[in-house]
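Single-structure report; data block below.
The values are calculated or read from the model by the stated rules, or taken from the named source; none is laboratory data. Source: prediction; values computed, not measured. Every residue, glycine among them, receives a Cβ derived from its backbone with ideal geometry; neighbour counts consider all protein chains shown.
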Amino acid sequence: MGNVTAILQKIFVRRFYIQNTLFFLVLFYLLFGVVDGGSLISYHRSLMLGFMGNLYFLLLVLALWALYGMKCAGFVLKTFQTQGFEFLYPTLGSVEKPARRRLWLLIHTGIYMPVLVYAGIAVAVGITRGFWLAGLLVAVFNLLACFLPLALYERKLHRPDVTFFTGYLQRWLNRRFVKLPGLYFFYELFTNYPRRILSVKLACAGILWLTFYLLRQTGGFDARGLMLGGMLCVIAHGQLMMQHRAFDDTYLGFLRGLPQPLWRHYLRLAGIYLLLFLPEIVMMAANKTPLSSLTGCFVLAAAMLLLFRSLLYFPKMNAEVHMRYVLLVSFVTLFMVLAGYEWLAASVMVPASAGLFFFLFPRYETYVEPRS
Amino acid sequence: MEAVIALHNVRKSYQDFHVLDIARLELPAGIYWLQGENGAGKTTCMKVMAGLIPFKGEIILQGNVSSHRQPVAFRRLINYAEAEPLYPSFLTGRDLLELYLGTKGGNRQQVMELGERLGVTGYMQNPVSTYSSGMLKKLSLLLAFTGNPLLILLDEPLITIDKQALAVLYDLIRAYSANGVSFCITSHQPLDQRELPVSGTLRVAAKNIALV
């Protein structure tokens with residue numbers, strides 16, 4: 001069993017730390033890099049006593065540990081679903097149940113270890129100060145965090161089609177609802193590329209936060225400033241557009257075979273990008289943007305997104321060339337916005353995107369670079 | 001006899017490489033076996049006929065439905081099952097079936113019975129990422145029989161499916177053919193003449209298709 005354990009440690013534990021190196025570097029910096037070496041112990045002792053002595057603070061810490069626990073469990077379950085790791089089902093499925101449980105425990109505690117170490121020290125520090133109840137709470141929480149996921153892993157082994165703990169819910173939903181073609185790309189993003197959409201949305205949130213901060217600093221709202229922020233958000237969506245095209249090319253060929261008119265394909269495209277940009281609009285609205293500016297910004301962003309996506313129906317348009325066109329169009333649009341012609345810009349871009357789409361979509365075919 | 005499908009000056013190239021150059025081909029109703037070596041252009045030909053990839057020239061169905069002038073009506077009359085079907089991992093068989101029923105039309109009850117016969121109903125609620133290649137193939141075959149097609153193009157339908165499903169498939173082809181649906185089937189395995197009475201053999205060679 002020693003060899004099996006070593007191999008599983010390699011597959012799960014080592015891979016987890018390698019894949020999350022950046023995450024641990026940031027965490028390490030936040031925990032140990034923000035204070036000077038001399039006060040490091042007293043800093044952490046105070047931090048531990050802080051959350052062991054205050055219920056609300058403790059609940060917050062437990063919530064963060066729970067998130068980390070979910071990340072660990074998600075990693076193990078995702079490994080099972082990853083192509084190339086199918087051998088885990090027959091191999092682990094052949095191990096006797098008690099031995100397999102020990103293996104699950106070793107794997108899970110191996111990746112949950114940072115929390116266990118920190119929580120263990122916190123309990124010891126808390127008990128010296130008489131925080132028995134908090135100590136008990138932390139101990140019970142971590143025991144549950146170590147043992148509950150084992151049942152999920154066991155379930156996954158016998159039900160490979162179930163994804164994470166939402167399997168039952170997923171099947172229940174699948175029986176009742178049919179996914180709309182306009183949402184396929186969102187399913188793809190959230191199931192297979194969550195980091196990509198999250199990073200784009202975080203970048204856009206940052207851009208808009210900075211936009212509103214600068215607008216306040218310069219003493220008053222200016223719609224042109226907001227539109228500039230909106231345009232930067234549109235440009236940040238460029239990588240999602242490339243992803244969208246690759247997804248369409250790889251998986252959605254069958255949609256072309258359906259008896260649907262072109263305008264429905266175009267409406268679907270427009271729906272995708274309007275929905276994609278909705279969080280930014282919500283953020284603008286939450287910052288008390290006047291309705292006229294909000295509408296103008298939304299229309300301009302939608303027009304730009306549609307035009308930029310339609311450009312990708314030129315089969316030879318790669319990411320680099322696309323970015324050049326995106327920047328060129330944005331540059332011209334910027335001056336139109338500064339001159340107060342944003343509606344004119346939008347009213348040029350929407351027909352341009354529709355024209356490109358209606359002309360190129362029926363002729364579009366994935367471009368394969370010829371071998372040199 | 002009026003041609004079910006007629007190809008006029010159909011040309012298809014991938015960059016500078018010409019794959020198909022068919023001056024004229026007219027096929028009356030029937031079951032056709034499309035043959036050709038690997039890379040001869042069978043799949044490209046099928047995708048062109050199904051209107052899935054752009055091409056030059058014209059394809060007419062039933063003498064009056066043009067691939068370019070009436071693309072929606074054209075796609076309603078022609079169904080295609082890929083040799084190696086690929087769908088987004090998160091979609092379920094049911095999602096796809098509902099999409100096909102919603103766009104291609106057809107009798108829901110009949111399609112459900114068909115699914116039952118092919119043995120796909122048991123896993124229709126599961127995402128396609130959990131399907132084996134055989135299950136995926138059966139699903140794509142079921143989708144190819146959905147709607148009211150005039151012509152069904154089956155690219156390598158005999159691979160990966162089990163014997164039971166194969167018998168059902170032969171049976172379906174015969175039954176649909178008796179109701180006036182035509183078939184164009186590619187297969188490297190010889191088609192069993194007792195199971196499938198082939199009306200003619202099409203050979204893809206030298207960028208052309210000839211009825212032999």
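In the list B:ASN148, B:ASN126, which residue meets the criterion of being without any contact (Cβ under 8 Å) to a residue 40 or more places away in the chain, on the phi < 0 side of the Ramachandran plot and within 11 Å of chain A (Cβ to nearest Cβ)? Exactly one residue qualifies, and that residue is B:ASN126.
To keep it simple, each residue is scored yes or no on (1) within 13 Å of chain A (Cβ to nearest Cβ); (2) touching an Asp or Glu at 6+ places or on another chain (Cβ under 7 Å).
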| position | (1), (2) |
| --- | --- |
| B:ARG69 | yes, no |
| B:ARG75 | yes, no |
| B:GLU82 | yes, yes |
| B:LEU99 | yes, no |
| B:LYS104 | yes, no |
| B:LEU118 | no, no |
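Going by the structure shown, is A:PHE335 under 31 Å from the mean Cα position of the chain (by Cα), exposed (fewer than 13 other Cβ atoms within 10 Å of the Cβ) and more than 14 Å from chain B (Cβ to nearest Cβ)?
no
For the residues A:VAL13, A:VAL26, A:VAL35, the requirement of being touching a helix residue (DSSP H, G or I) at 6+ places or on another chain (Cβ under 7 Å), in the same structural domain as A:LEU116 (by TED's automatic domain parsing) and in a helix (DSSP H, G or I) singles out A:VAL13.
In the stretch A:310-319, the count of residues that are among the aliphatic types (A, V, I, L, M) and without any contact (Cβ under 8 Å) to a residue 40 or more places away in the chain is one or more. Got at least one residue in the stretch A:242-256 being touching a helix residue (DSSP H, G or I) at 6+ places or on another chain (Cβ under 8 Å), among the aliphatic types (A, V, I, L, M) and within 14 Å of chain B (Cβ to nearest Cβ)? Yes - at least one qualifying residue is present in the stretch A:242-256.
Please verify whether A:ARG256 is within 16 Å of the chain's Cα centre (by Cα) and without any contact (Cβ under 8 Å) to a residue 24 or more places away in the chain, treating the condition exactly as stated.
No, not satisfied.
Among the residues of the stretch B:34-67, those that are assigned to a loop (DSSP other than H, G, I, E, B), more than 20 Å from B:ASN148 (Cα to Cα) and more than 12 Å from chain A (Cβ to nearest Cβ) comprise B:GLY36, B:GLU37, B:ASN38, B:GLY39, B:ALA40, B:GLY41. A single entry from A:PHE308, A:PHE298 fulfils the requirement of being of a type outside the set (Lys, Arg), closer than 30 Å to B:SER67 by Cα and either surrounded by 18 or more Cβ atoms within 10 Å (Cβ to Cβ) or within 14 Å of chain B (Cβ to nearest Cβ) (or both): A:PHE308.
Scan A:ARG268, A:ARG175, A:ARG196, A:ARG224 and give me the residue that is at the interface with chain B (Cβ under 9 Å from one of its Cβ atoms), out of contact with any Cys (no Cβ under 7 Å at 6 or more places or on another chain) and assigned to a helix (DSSP H, G or I).
After ruling out the rest, the residue left standing is A:ARG175.
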